[in-house]
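Before any comments, here is the structure.
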Amino acid sequence: MASHRHSGPSSYKVGTMAEKFDCHYCRDPLQGKKYVQKDGHHCCLKCFDKFCANTCVECRKPIGADSKEVHYKNRFWHDTCFRCAKCLHPLANETFVAKDNKILCNKCTTREDSPKCKGCFKAIVAGDQNVEYKGTVWHKDCFTCSNCKQVIGTGSFFPKGEDFYCVTCHETKFAKHCVKCNKGLVKAPVWWPMKDNPGTTTASTAKNAP
């Protein structure tokens, strides 16, 4: 997804009137006063805010002549209102991404596009250790035994329905026992290597333990 830079401010001139001009709207004299020249007309600051100023899409207030304005695709902001919709980081002087009518910083865009952890539902971003099983992905610390809640991590486990059990808990809860020695008759568990998320895919694949 491409990053953008906002367009520059709208074209109008702000200054102090040295000649005998009246405000285009209220007809008050402008000589010696601060004024705005826009679209060939001279107006006082009050009339500029009332009739000419763009409205900030964030705070819904006029963007006055003394304010710094940011605009992108016919939408306007005060420079202090132009922020990431997620983390509120100021973006007036930075690149950004427009997505679903929202303005996002590059960092939050990466998080939005990243896979979500099945355990905590937060994004798995570049550098996060994660595990994947049958198309579902978890942060390493979120993949835990359904019984004892200990992190399974790189260890072996047994899937059972929507739950996952470490070897010890599975043997205690589900394994059949030998009628002679009373030891558990345990099938081979599932195991996978844990990998660092490269940022775009989660490549860990479940394997049968040898």
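The values are calculated or read from the model by the stated rules, or taken from the named source; none is laboratory data. Note that this is a predicted model, so its numbers are computed, not measured. Heads up, the Cβs are rebuilt from the backbone with ideal geometry, glycines too, and the neighbour counts pull from every protein chain shown.
Would you mind stating whether Val70 is surrounded by 15 or more Cβ atoms within 10 Å (Cβ to Cβ), in contact with a strand residue (DSSP E or B) (Cβ under 9 Å, 6 or more places away or on another chain) and either farther than 30 Å from Cys108 by Cα or modelled with pLDDT of 85 or more (or both)?
On the way: surrounded by 15 or more Cβ atoms within 10 Å (Cβ to Cβ): yes; in contact with a strand residue (DSSP E or B) (Cβ under 9 Å, 6 or more places away or on another chain): yes; either farther than 30 Å from Cys108 by Cα or modelled with pLDDT of 85 or more (or both): yes.
Yes: the conditions hold for Val70.
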ask   = Taking the range 119-177, which residues are touching a helix residue (DSSP H, G or I) at 6+ places or on another chain (Cβ under 7 Å) and surrounded by fewer than 19 Cβ atoms within 10 Å (Cβ to Cβ)?
value = Gly119, Cys120, Ala123, Val125, Gln129, Asn147, Cys148, Val151, Gly153, Ser156
request  = Would you confirm whether any residue within the range 145-154 is at pLDDT 70 or above, under 30 Å from Glu112 (Cα atoms) and in contact with a Pro (Cβ under 9 Å, 6 or more places away or on another chain)?
outcome  = yes
request  = Would you point out the residue of the range 56-67, among those that are at pLDDT below 90 and either out of contact with any Cys (no Cβ under 9 Å at 6 or more places or on another chain) or basic (Lys, Arg) (or both), that is surrounded by the most Cβ atoms within 10 Å (Cβ to Cβ)?
outcome  = Gly64
request  = Any chance you could count how many residues in the range 6-55 are at pLDDT below 85, charged (D, E, K, R) and surrounded by 12 or more Cβ atoms within 10 Å (Cβ to Cβ)?
outcome  = 1
key: Of residues in the range 30-67 being of a type in the set (Lys, Arg) and assigned to a strand (DSSP E or B), the one nearest to Lys102 (Cα to Cα)   = Lys38
query = Of all strands (runs of 3 or more DSSP E) completely enclosed by the range 104-167, which ones contain at least 2 residues that are outside the structural domain of Cys87 (by TED's automatic domain parsing) and either charged (D, E, K, R) or touching a residue at least 40 places away in the same chain (Cβ under 8 Å) (or both)?
reply = 129-133
ask   = Within the range 29-75, how many residues turn out to be more than 15 Å from Gly15 (Cα to Cα) and of a type in the set (Phe, Trp, Tyr)?
value = 2
